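Just below is one structure, and these are the notes that go with it.
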Amino acid sequence: MTSRFSNVTTGPPIEVFALNKAFLDDPNAQKVNLGVGAYRTDECKPWVLPVVRKTEQSMASNESLNHEYLPVLGLDTFSTAATRMLLGQDSKAIAEGRAFGIQTLSGTGSLRMAAEFLGRILKYKTFYYSVPTWENHNLIFVNAGFTEPRTYRYWKPETRGLDFEGMIEDLRNAPENSVIILHACAHNPTGVDPTPDQWKLIADVVEEKKLFPLFDCAYQGFASGDLEKDAFAVRYFVERGFELAGCQSFAKNFGLYNERAGNLTVVVNDASTIAPSKSQLTLLVRGMYSNPPNHGARVISTVLNTPELCDEWKGCIKTMAERIIAMRKGLRERLEKLGTPGTWNHITDQIGMFSYTGLQQKHVDMLVNDYHIYLLKSGRINMCGLTSHNIDYVANAIFETVSKIGLESSL
Ligand code: LMR
């Protein structure tokens, strides 16, 4: 029978979710999931932050709350608090009325709304992303109508660090008005961030070449345990007077992965451009999903706007960041103690949820097939998948794999 759908071809799988499914389907008792970026406790369990649970309980018994539609641009108390969290309590841009936020569908939705606005309204066509980057950046911008995807160098395999010279050279060669996607902190997948001095030089090039900086902010507070420290790059660019977008996700730092709570912070030079910009964003949202969901945004708004809850939450992000830092230390120590070929200082030099281990596909294949340790083909591991119970097993598996396959050509 003929079908209108017969020419539809199967697209490539989404690696991170396909890997997750393979992990779940694996009956092996020793299996370890170092794939998808989600926090786990030392018992390898998802963590509902106690402050989130408490807030949800009080929301559930609050009879004055209802399920009416939110405004098209979302819950104002949420986006105002999220914008302040990113730009800082004493942000000049906020004081001067040059910054605003809109609630979005997590970080992805924020990136998509930014791309829709920059593409359709400001008519930008070119965007740059780092090599490597979070695999969704390209899809989001291309689906939003950007026709010129370009890349800038970022990772230097020889040093397992930042290719700063390559990055600067590529940004210098970018055409005016290109959108430059930057990771505000805890670069995904490498865990390698520019230093404050390097950010200053990046800002010089962005200014000189009239580029548009767009920050993907998925890990504020989660990376170092300190909200202010993790916002350094964004705040520095704002102080320098850039107009910019900051795409915030609250999946990681609030553990609200499936509630799709995000915020798009926009900083402009002229406050009178905010009302027309918001009206265009309203039409873009209306045509895509009409208005955002309530639950996650209300939890976050309640926490950020209640000083005692906010302090409690800061304690939670510290707990998560510290566990990750301890796992980095533990993994490096074990790999070095075992005499694993190569150097492993990059594990502790990197920051945030992910470590770009430098392991190649052949190592990854062996880890998955022989040891049931699941990680991305690029060698990225989610540090939160390590626990005090499985870290010896994982370190030993990496040691055996690298020893067996060799390292010369891989790092
Ligand atoms: C990841 O990078 O693993 C997470 O951000 C999940 C995702 O959507 O890719």
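The values are calculated or read from the model by the stated rules, or taken from the named source; none is laboratory data. Bear in mind that the values here come from a model prediction, so they are computed numbers and not experimental data. Positions of Cβ are backbone-derived with ideal geometry, glycine not excepted, and every protein chain shown enters the neighbour counts. Heads up: the accessible areas ignore ligands, DNA and RNA and are worked out on the full protein's heavy atoms, side chains in. Shrake-Rupley method; radii C 1.70, N 1.55, O 1.52, S 1.80 Å.
Against the criterion of being within 15 Å of the ligand (Cβ to nearest atom), touching a residue at least 60 places away in the same chain (Cβ under 8 Å) and surrounded by 12 or more Cβ atoms within 10 Å (Cβ to Cβ), Val51 does not qualify. In this structure, does Phe222 turn out to be within 16 Å of the ligand (Cβ to nearest atom), part of a loop (DSSP other than H, G, I, E, B) and either at negative phi or among the polar types (S, T, N, Q) (or both)? Yes; evaluated as a whole, the condition is true for this residue. Residue count for region 157-170 satisfying the condition of being under 19 Å from Pro196 (Cα atoms) and not in a loop (DSSP other than H, G, I, E, B): 8. So for region 124-140 (the condition being farther than 20 Å from Ala174 by Cβ, assigned to a helix (DSSP H, G or I), within 16 Å of the ligand (Cβ to nearest atom) and of a type in the set (Val, Ile, Thr)), does at least one residue qualify? No, there is no match, as no residue in region 124-140 is farther than 20 Å from Ala174 by Cβ, assigned to a helix (DSSP H, G or I), within 16 Å of the ligand (Cβ to nearest atom) and of a type in the set (Val, Ile, Thr).
Going by the structure shown, is Thr151 free of Cβ contacts under 8 Å to residues at least 60 places away in the same chain, surrounded by fewer than 21 Cβ atoms within 10 Å (Cβ to Cβ) and β-branched (Val, Ile, Thr)? Break it down into steps so the answer makes sense when it comes.
Details: free of Cβ contacts under 8 Å to residues at least 60 places away in the same chain: yes; surrounded by fewer than 21 Cβ atoms within 10 Å (Cβ to Cβ): yes; β-branched (Val, Ile, Thr): yes.
Yes; evaluated as a whole, the condition is true for this residue.
Condition first: in a loop (DSSP other than H, G, I, E, B) and surrounded by fewer than 16 Cβ atoms within 10 Å (Cβ to Cβ). Now tell me which residues in region 343-353 satisfy that.
Going through region 343-353, the residues in a loop (DSSP other than H, G, I, E, B) turn out to be 343-344, 350-353.
Across region 343-353, the qualifying residue is only Thr343.
In this entry, Phe23 is excluded by the filter for residues that are in contact (Cβ under 8 Å) with a residue 12 or more places away in the chain, surrounded by fewer than 17 Cβ atoms within 10 Å (Cβ to Cβ) and within 15 Å of the ligand (Cβ to nearest atom). Considered as a group, the residues in region 164-190 that are within 20 Å of the chain's Cα centre (by Cα) and more than 16 Å from the ligand (Cβ to nearest atom) include one that is farthest from Phe146 (Cα to Cα), and that residue is Met167.
Of all residues in region 358-384, count the ones that are away from the ligand (no atom under 15 Å from the Cβ), touching a residue at least 40 places away in the same chain (Cβ under 8 Å) and open to solvent by less than 10 Å² (accessible area, probe 1.4 Å). Residues that pass the stated criteria total 3.
The lone criterion from (1) free of Cβ contacts under 8 Å to residues at least 60 places away in the same chain; (2) under 17 Å from Ile14 (Cβ atoms); (3) of a type in the set (A, V, I, L, M, F, W, C) left unmet by Leu111 is number (1). If I ask for residues that are assigned to a loop (DSSP other than H, G, I, E, B) and hydroxyl-bearing (Ser, Thr, Tyr), which ones from region 59-107 would you list? Once the filter is applied, which keeps residues that are assigned to a loop (DSSP other than H, G, I, E, B) and hydroxyl-bearing (Ser, Thr, Tyr), region 59-107 yields Ser61, Ser64, Tyr69, Ser91. Across region 54-81, the qualifying residues are those that are more than 30 Å from Glu322 (Cβ to Cβ) and of a type in the set (Gly, Ala, Ser), and the one among them that is surrounded by the fewest Cβ atoms within 10 Å (Cβ to Cβ) is Ser64. Among the residues of region 248-281, those that are more than 13 Å from Val52 (Cα to Cα), within 14 Å of the ligand (Cβ to nearest atom) and either open to solvent by 10 Å² or more (accessible area, probe 1.4 Å) or of a type in the set (S, T, N, Q) (or both) comprise Gln248, Ser249, Asn258, Arg260.
Taking the numbered list (1) in a loop (DSSP other than H, G, I, E, B); (2) hydrophobic (A, V, I, L, M, F, W, C); (3) within 29 Å of Val285 (Cα to Cα) in turn, Trp47 passes all entries but (3). Please indicate, with yes or no, whether at least one residue in region 194-214 is buried (at least 21 other Cβ atoms within 10 Å of the Cβ) and within 16 Å of the ligand (Cβ to nearest atom). Within region 194-214, none of the residues are buried (at least 21 other Cβ atoms within 10 Å of the Cβ) and within 16 Å of the ligand (Cβ to nearest atom). Could you check region 1-20 and list, in sequence order, the residues that are among the polar types (S, T, N, Q) and within 14 Å of the ligand (Cβ to nearest atom)? Result: Asn20, single match. For region 282-311, a residue qualifies if it is under 25 Å from Asn66 (Cα atoms), open to solvent by less than 40 Å² (accessible area, probe 1.4 Å) and part of a helix (DSSP H, G or I), and the qualifying residues are Val285, Gly296, Ala297, Val299, Ile300, Ser301, Val303, Leu304, Leu309, Cys310. When Glu158, Glu165, Glu169 are checked against the criterion of being open to solvent by 30 Å² or more (accessible area, probe 1.4 Å), out of contact with any strand residue (DSSP E or B) (no Cβ under 6 Å at 6 or more places or on another chain), of a type outside the set (Ser, Thr, Tyr) and at pLDDT below 95, Glu158 stands alone in meeting it. When region 29-46 is filtered for residues that are more than 16 Å from the ligand (Cβ to nearest atom) and open to solvent by 50 Å² or more (accessible area, probe 1.4 Å), the ones remaining, listed by number, are Ala29, Gln30, Lys31, Glu43, Cys44, Lys45.
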